[in-house]
1. Would you confirm whether any residue within the stretch 112-132 is touching a residue at least 12 places away in the same chain (Cβ under 8 Å) and of a type in the set (D, E, K, R)?
2. Go through the stretch 48-64 and give me each residue that's in a strand (DSSP E or B) and either farther than 15 Å from VAL129 by Cα or over 13 Å from the mean Cα position of the chain (by Cα) (or both).
3. Would you be able to say whether some residue in the stretch 104-121 is in contact with a helix residue (DSSP H, G or I) (Cβ under 9 Å, 6 or more places away or on another chain) and either over 19 Å from ALA51 (Cα atoms) or not basic (Lys, Arg) (or both)?
4. Can you pull out the residues in the stretch 73-100 that are at pLDDT 85 or above and surrounded by fewer than 20 Cβ atoms within 10 Å (Cβ to Cβ)?
5. For the subset of the stretch 32-66 comprising residues that are touching a helix residue (DSSP H, G or I) at 6+ places or on another chain (Cβ under 7 Å) and among the hydroxyl-bearing types (Ser, Thr, Tyr), which member is nearest to ALA106 (Cα to Cα)?
Amino acid sequence: MRQFSLSDDDGSGTGWAAGLVPESLAVRALSVTVHGPETVTVGESARFVVAVRNRLPVSVRLTHPTSRVWGWRVDDAPEADERGIEPPEATRTTVLGGGERRAFSATWDGRIRRRGRDGDEWVAYPGTVAFTGYLAVPDWRARGAYDELSVQVVADR
């Protein structure tokens with residue numbers, strides 16, 4: 001599996017052909033899977049991998065509404081980590097070759113951000129949660145461009 005890089009065209013010259021597949025079909029042709037631990041201990045970083053595979057034998061092109069190519073959520077709390085990255089609003093295009101797999105990596109420590117009057121607070125989030133990885137396309141949930149993993153979050157020992 002190849003890690004996503006900032007370069008969206010691999011230089012093979014196949015990017016032009018990707019535009020021949022309508023984006024609505026391209027999104028349906030992609031499978032998204034999430035891999036990670038079944039249990040996360042609060043305060044200990046756990047690694048999750050969101051993999052995207054093009055099931056077609058030809059290249060596909062996707063246009064993202066921002067520079068974000070992918071994302072993750074915990075019970076609909078967006079990216080419960082401390083990165084705080086806000087992607088530029090400029091659109092971005094990515095190309096996946098026929099049969100190509102790409103992977104993204106995320107870490108999470110069992111805490112989510114709660115916004116309050118006095119600023120952000122990171123609080124433990126114990127219990128069973130849904131870790132969702134998705135491809136950043138419009139209406140990603142309705143279009144099935146995501147996968148969820150059930151994770152048990154336990155208090156720090």
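The values are calculated or read from the model by the stated rules, or taken from the named source; none is laboratory data. Quantities reported herein were computed from a predicted structural model and do not represent experimental measurements. So basically every Cβ, Gly included, is an ideal-geometry build from the backbone, and we count neighbours across all protein chains shown.
1. yes
2. Residues satisfying the conditions are VAL49, VAL50, ALA51, VAL52, ARG53, ASN54, VAL60, ARG61, LEU62, THR63, HIS64.
3. So far as the stretch 104-121 goes, no, none of its residues is in contact with a helix residue (DSSP H, G or I) (Cβ under 9 Å, 6 or more places away or on another chain) and either over 19 Å from ALA51 (Cα atoms) or not basic (Lys, Arg) (or both).
4. ARG73, ASP75, THR91, ARG92, THR93, GLY98, GLY99, GLU100
5. THR63
Residue by residue, here is whether (1) loosely packed, with under 14 Cβ neighbours inside 10 Å; (2) acidic (Asp, Glu); (3) at pLDDT 95 or above; (4) out of contact with any Phe, Trp or Tyr (no Cβ under 8 Å at 6 or more places or on another chain) holds:
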position: LEU20; (1), (2), (3), (4): yes, no, no, yes
position: ALA29; (1), (2), (3), (4): no, no, no, yes
position: GLY36; (1), (2), (3), (4): no, no, yes, no
position: ALA46; (1), (2), (3), (4): no, no, yes, no
position: VAL49; (1), (2), (3), (4): no, no, yes, no
position: SER59; (1), (2), (3), (4): no, no, no, yes
position: LEU62; (1), (2), (3), (4): no, no, no, yes
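Table: residues versus (1) of a type in the set (D, E, K, R); (2) surrounded by 15 or more Cβ atoms within 10 Å (Cβ to Cβ); (3) under 17 Å from ASP76 (Cβ atoms).
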site	(1), (2), (3)
ARG102	yes, yes, no
ALA130	no, no, yes
ALA145	no, yes, yes
LEU149	no, yes, yes
